[in-house]
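The values are calculated or read from the model by the stated rules, or taken from the named source; none is laboratory data. Predicted, not measured: the structure shown is a model, and the values here were computed from it. Don't worry about glycine lacking a Cβ; one is built from the backbone with ideal geometry, like all the others, and counts go over all protein chains shown.
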Amino acid sequence: MSSADGSGRVAAAWIELERVAASSLSYEAYLQRYVRAGRPVVITGVAPEWAAMRKWTPQYFKERFGSKPVAVSYTESMPFDAFIDAVVGSSDARPGPYMFRSFLHEILPELLPDVIPQNKYAFPGRHASPLMPEKWHRPDGYLKLLIGGVGSKFPVMHYDGENSHAFITQIYGEKEFVVFAPADGAYLYPGEFANQSEVDNPIQQDRERFPLLEKATPYRAMLGPGDMVFVPCKWWHSARAASTSISVCTNMLDRSNWDGFVAEVSGSRRKTPLRLRLHAANAVMSVCEWLQDRAPGVAKALVLPRLMSPTSAEAAPEPSARQLNIRIPTA
Ligand SMILES: O=C(O)CCC(=O)C(=O)O
């Protein structure tokens, strides 16, 4: 049911995004029900071992990083302490800045040990493989820090480029997360970029400006600490902080979205060297991943699978920065 309020906006009828506890979701079930089916889900209790769950608060960032500049948009940066003050002072009426451009391994690599081990659902994370061409090789899987205060939001509703899946893990506070199926793209007003929507608020909808929105189905979740939302490739998504919110986001490639990735980055249907290389990488990674998943003992003995596919569901419980090929500076 929809209802109009004084603002002229219409509250959309949304469907609660499915939630499942990590303790009852095996890796195989996750692949089958969500990854291969291209279905979003919120998995609860994914990161109980992360030091971030205990340490990361607005105060912690303010005290630890003080005057260090942080990017708060494509063009602006500000000192961390001033940023945190603005975040804490943010409100629905006057939303403050939302940090969305800060890759942990570039700006705050000293925080990486706080978000290890990766949970089993992040396997295989092909960005970390040495078989990834340099341009897309990201040992940390594009791990991004997201911080915002009440009413602030990720700047634009979008789906991720390069056919990536995404995971957003909530660490502190609460965030409203909304997704739409790829088929709803026709009602979401893509703008200058095909993967970015002009819709400013997918729940409190401006139906005068965006009348077709009524035909789209929003799936919504309120993410709290320890919740991770899995966003399949090509699913539109938007995020708005409901309280002071800290989370991390990772992109993910595996067999399920590889062909779309290849098509997007290599552009043509012809057998270009890049395309051939990516197909060969897919073949090798698929075998390595299969071995790691199905025969971890054999994979370990052979060594090569772990090198070619360095993040692993089986390896996740024994964290080490070396598994992720990440250089962690000493304090
Ligand atoms: O702020 C969020 O949680 C959304 C993050 C996201 O969609 C992205 O980084 O691409």
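So if I check each of Pro124, Pro95, which one is in a loop (DSSP other than H, G, I, E, B), touching a residue at least 40 places away in the same chain (Cβ under 8 Å) and closer than 23 Å to Val156 by Cβ?
Values: Pro124 fails: closer than 23 Å to Val156 by Cβ.
Within the list Pro124, Pro95, the selection yields Pro95.
Which of the residues belonging to the stretch 272-314 are surrounded by 13 or more Cβ atoms within 10 Å (Cβ to Cβ) and of a type in the set (Lys, Arg)?
The answer is Arg275, Arg277, Lys300, Arg306.
Could you say which residue among Tyr98, Tyr74 is within 15 Å of the ligand (Cβ to nearest atom) and surrounded by fewer than 19 Cβ atoms within 10 Å (Cβ to Cβ)?
Working: Tyr98 fails: surrounded by fewer than 19 Cβ atoms within 10 Å (Cβ to Cβ).
Just a single option satisfies the conditions, and that option is Tyr74.
Restricted to the stretch 77-92, and to residues that are touching a residue at least 24 places away in the same chain (Cβ under 8 Å) and small (Gly, Ala, Ser), which residue is surrounded by the most Cβ atoms within 10 Å (Cβ to Cβ)?
Step one: filter the stretch 77-92 for residues touching a residue at least 24 places away in the same chain (Cβ under 8 Å), giving 83-84, 86-92.
Narrowing the set further to residues that are small (Gly, Ala, Ser) leaves 86, 89-91.
Values: Ala86: 18, Gly89: 12, Ser90: 22, Ser91: 11.
The extreme case among them is Ser90.
Of Arg54, Arg39, Arg64, which residue is over 20 Å from Ser243 (Cα atoms) and in a helix (DSSP H, G or I)? I'd like the intermediate steps shown before the answer.
Values: Arg54 fails: over 20 Å from Ser243 (Cα atoms); Arg39 fails: in a helix (DSSP H, G or I).
None of the others qualify; the one that does is Arg64.
For Gly226, work out the one condition from (1) of a type outside the set (A, V, I, L, M); (2) within 16 Å of the ligand (Cβ to nearest atom); (3) at negative phi it doesn't fulfil.
For Gly226, the exception is condition (3).
Restricting to the stretch 45-62, and then to whatever is touching a residue at least 12 places away in the same chain (Cβ under 8 Å) and among the charged types (D, E, K, R), can you tell me which residue is nearest to Gly148 (Cα to Cα)?
Per the criteria, the residue is Lys62.
For Thr244, work out the one condition from (1) of a type outside the set (A, V, I, L, M, F, W, C); (2) crowded, with 18+ Cβ neighbours inside 10 Å; (3) touching an Asp or Glu at 6+ places or on another chain (Cβ under 6 Å) it doesn't fulfil.
(3) is the only condition that Thr244 fails.
Report every pair of residues separated by at least 6 positions or lying on different chains whose Cβ atoms are under 8 Å apart, first residue within the stretch 255-273 and within 16 Å of Met132 (Cα to Cα), second modelled with pLDDT of 90 or more and aromatic (Phe, Trp, Tyr).
Val265/Trp136
Please determine whether any residue of the stretch 198-206 is within 12 Å of the ligand (Cβ to nearest atom) and surrounded by fewer than 21 Cβ atoms within 10 Å (Cβ to Cβ).
Of the residues in the stretch 198-206, the ones within 12 Å of the ligand (Cβ to nearest atom) are none.
No, because not a single residue in the stretch 198-206 is within 12 Å of the ligand (Cβ to nearest atom) and surrounded by fewer than 21 Cβ atoms within 10 Å (Cβ to Cβ).
When residues of the stretch 288-303 are filtered for being within 21 Å of Arg36 (Cβ to Cβ), hydrophobic (A, V, I, L, M, F, W, C) and in contact (Cβ under 8 Å) with a residue 12 or more places away in the chain, how many remain?
2
If I filter the stretch 77-95 down to residues being in contact with a helix residue (DSSP H, G or I) (Cβ under 9 Å, 6 or more places away or on another chain) and within 16 Å of the ligand (Cβ to nearest atom), which single residue comes out as nearest to Ala241 (Cα to Cα)?
Once the filter is applied, the top-ranked residue is Val87.
Test of understanding: among Ser152, Ser129, Ser164, which residue is more than 10 Å from the ligand (Cβ to nearest atom) and of a type in the set (Ser, Thr, Tyr)? Walk me through how you get there before you give the answer.
Working: Ser152 fails: more than 10 Å from the ligand (Cβ to nearest atom); Ser164 fails: more than 10 Å from the ligand (Cβ to nearest atom).
Criteria check complete, one pass: Ser129.
When the residues of the stretch 168-177 are narrowed to those that are within 10 Å of the ligand (Cβ to nearest atom) and not charged (D, E, K, R), which ends up farthest from Pro124 (Cα to Cα)?
Restricting to residues being within 10 Å of the ligand (Cβ to nearest atom) and not charged (D, E, K, R), the top hit is Phe177.
Take the residues of the stretch 234-292 that are hydroxyl-bearing (Ser, Thr, Tyr) and within 13 Å of the ligand (Cβ to nearest atom): which is modelled with the lowest pLDDT? I'd like the intermediate steps shown before the answer.
First, the residues of the stretch 234-292 that are hydroxyl-bearing (Ser, Thr, Tyr): 238, 243-245, 247, 250, 256, 266, 268, 272, 286.
Keeping just the survivors that are within 13 Å of the ligand (Cβ to nearest atom) gives 238, 245, 247, 250.
Details: Ser238: 98, Ser245: 98, Ser247: 98, Thr250: 92.
Among residues in the stretch 234-292 that are hydroxyl-bearing (Ser, Thr, Tyr) and within 13 Å of the ligand (Cβ to nearest atom), the one modelled with the lowest pLDDT is Thr250.
Exactly one condition in (1) farther than 30 Å from Met99 by Cβ; (2) modelled with pLDDT of 80 or more is false for Arg306; which is it?
The one condition Arg306 does not meet is (2).
Specify the residue that is nearest to the ligand (Cβ to nearest atom); the eligible residues are those in the stretch 132-149 that are charged (D, E, K, R) and under 13 Å from the mean Cα position of the chain (by Cα). If you could, list the steps in order and put the result at the bottom.
At the first step, the residues of the stretch 132-149 found to be charged (D, E, K, R) are 134-135, 138, 140, 144.
Restricting the remaining residues to those that are under 13 Å from the mean Cα position of the chain (by Cα) gives 140, 144.
Working: Asp140: 14, Lys144: 5 Å.
Per the stated criteria, the residue is Lys144.
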